[in-house]
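Q: The structure that follows is given in the form of structure tokens.
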Amino acid sequence: MKKALKIIGIATAALLLLAIAGSFVLGITPLSLGLHKPVYTDSGKALAGYDAVSYFQGKPVLGSAQYTYDWQASRWLFSTVENLHAFKANPEKFVPAFGGYCTKAVSTGFAAPGDPTIWLISDEKLYIFSSEEVKAEFIKDPESITAACSKEWH
């Protein structure tokens, strides 16, 4: 009986470690571990190179290597010099909530990659999501999801 319990314990621990390792490979980390960067970057670029200011102008556009700014250990690209200056003057206004990680994932305690083409501006804040489905969930109940995110975000 003791041997069977020991084997079950070892197998359970191995499965747990495998699950954790798999989540890291997918870019999903528990926020409680504090291993996530303050801003999600794809290939070293915040918002995968989209101009953060352009979201607030109605449609995100890709930035240019000609107009860059390093902030919060991330490289931000902009489509115009005007957008670059606007961001420099007030980055907090334009930076996506919860570092550009998927808002729904953050609300459940995880830092998961967001897709910068799936976005929403709500209460003058940019939110990024991993899918249209989780964006739809957010639209149904933004208050409780942002409250949960605020509790989880470190």
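Q: So, R0 is 35 Å and r is the distance between the beta-carbons of LYS37 and GLU82; what FRET efficiency does that work out to, to 0.05?
A: Plugging the Cβ-Cβ distance into 1/(1 + (r/R0)^6) gives 0.80.
Q: Quick check for you: with a 1.4 Å probe and neighbouring chains kept, what is the accessible area per residue of the range 61-104, in Å²?
A: Result: 48 Å² per residue.
The values are calculated or read from the model by the stated rules, or taken from the named source; none is laboratory data. Fair warning: this is a prediction, and the values are worked out from it, not measured in the lab. Positions of Cβ are generated from backbone atoms using ideal geometry, with glycine treated the same way; all protein chains shown enter the neighbour counts. These area figures cover heavy atoms from the full protein model, side chains too; ligands, DNA and RNA do not enter into them. Shrake-Rupley method; radii C 1.70, N 1.55, O 1.52, S 1.80 Å.
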